[in-house]
Every structure is written in C-alpha cells, then in structure tokens.
Amino acid sequence: MTDRTAAVTRETAETEIEVTIALDGDGDSTADTGIGFFDHMLAALAKHGLFDLTVRCDGDLAIDDHHTVEDVAITLGEAIAEALGDKRGIVRYADRRVPLDEAVASLVVDVSGRPRFYFDGEFSQPTVGEFTSDMARHFAESLALNAGLTLHVAVEGENAHHEIEALFKGLARTLDDATRIDERRGDTPSTKGEL
C-alpha cells in the first residue's frame, strides 16, 4: 500500500493554515485553531476516523469564526484528496448513523470526485462556546466540495453540542469506511476507470 499522507498549506488575508493528514493512522491529533470547541471536534474527527491529523490555523477570530472554520475545511479537504491519490482500491461508498445521547447524525458518502453536499436538520442552539453551530454544516460542506465527495448529512437532537459532535464523529467513521483499502480491489472502483 502506498503512503496515503498529505501536507497542505493555505495563506490568505484572513487565515494562515497548515494541515497534515495520514489516512492510515492511529487517531493521533494536534489541533490549534484558536476555537476550543472546534479543536475538540477536529480531535474527534482524527480519533474516530483513525487519521493522524495536525491542524494549525492563525485566523481573524477578532471578526468571527467563519473564515477559520471554512478555510480549515477547505485545506483539510484538499489534503484528503491529495492523500487519496488515484483512489485505487478504496471502498468508495459508506454510510453511518452515530448517536450522542439524544442526538443522532446520519451520513452517506461517495468518494466520487463529483463534489456535492446535502444537509437536513438544524442545530438546537446558535453557539457552542465560541463556535457558531451552523459552521458545523458549513465545515462539512466545504470539506466535501474540496475533497471531491458527494456527502449527505442529517442531524437531529435537542443539544447543539451533541448534534455537532455526532456529526463530526459520524463524518470520521464514514470517511474511514469509504477511504479504507479493500484488498479484493486492485483498481479504481468505477466502471469509468477513474474517480
């Protein structure tokens, strides 16, 4: 198996970001975005996806959390796409339902190279700490569009912390399942011959 890793940087007038990922890792992570709850969610993404992940972001948090969360998602999506390479031998499709107490997140992914995103649900409170709840939806969307995923997400519950955490853990498990190498496959899982 090839080394499925990537390191991507992004620098704009709003953020400076460094991301490294190893798809076949142990779940080790370091996240430093300046948003405590977001760092916690990135750690959950790594732990439950068994990705080794490093994220460092210096963003314009004096304005709000939007640019930081969006640009981390863009950069992480690009890193995932780079680490996947030609996607030879991956499972490709996956779906998961992940609960956290009263909340549940349902996710379906196709590592298709055709980026699409669909979301159903809403978050029960507008913020969790300094994290705007709707940025969880926007994170998933920006990640999908930049990683080349078709991603369907639904979230329900009564507590935004639980809803968002279920989403991130569900995303981790779904990505782990879909990007896993299927030893029975020696080619790219598409009749077109490429994804």
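Every number here is computed from the coordinates shown, using simple stated rules; none is lab data. Computed from a prediction, not measured in an experiment: that's the story for all the values here. Counting neighbours? That spans all protein chains shown, and the Cβs are built from the backbone with ideal geometry, glycine included.
Counting other beta carbons within 10 Å of each Cβ, put 87, 47 in order, fewest first. Write out the running numbers ahead of the final one.
Details: 87 20, 47 17.
Final ranking by Cβ density, sparse to dense: 47, 87.
Determine which lysines satisfy two conditions relative to residue 192: a Cα distance under 25 Å, and not lying fewer than 8 residues away in the same chain.
87
DSSP loop (so not H, G, I, E, B), at most 15 other Cβ within 10 Å: list which GluC sites (Glu not before Pro) in region 74-128 pass both filters. Kindly include the intermediate steps, with their values, before the conclusion.
Working: sites: 78, 82, 102, 122; in loops: 102, 122.
Counting only loop positions with at most 15 other Cβ atoms within 10 Å, the GluC sites (Glu not before Pro) in region 74-128 are 102, 122.
Which residues does the label zone of residue 28 cover in region 47-68, counting backbone N under 17 Å from a point 7 Å along Cα→Cβ?
Only 47-56 pass the distance filter.
Sum up the charges of everything whose Cβ sits under 11 Å from the Cβ of residue 26, counting Lys and Arg as +1 and Asp and Glu as -1, but leave residue 26 out. Each step should come with its number before you reach the end.
Working: positive: 47; negative: 24, 28, 52.
With Lys, Arg at +1 and Asp, Glu at -1, the net is -2.
Please give the helix 160-179 orientation as an angle from the longest Cα principal axis of the chain, in degrees from 0 to 90, rounded to the nearest 10.
Tilt relative to the chain: about 10 degrees.
With Rg/Rh (Cα atoms, Kirkwood Rh) as the read-out, I listed [x] 0.93; [y] 0.96; [z] 1.02; which label goes with the value calculated from this structure?
[y]
At 0.36 nm per residue, and after removing the present C-alpha to C-alpha distance, how many nm does the segment from residue 13 to residue 88 gain when stretched out fully? Before the final figure, lay out each step's value.
On the way: separation 75, 0.36 × 75 = 27.00 nm, distance 3.66 nm.
Gain on stretching residue 13 to residue 88: 23.3 nm.
In which sequence would 134, 64 go, from the one with the fewest C-beta neighbours within 10 Å to the one with the most? List each step's numbers first, then the result.
On the way: 134 17, 64 13.
Ordered by Cβ neighbours within 10 Å, fewest first: 64, 134.
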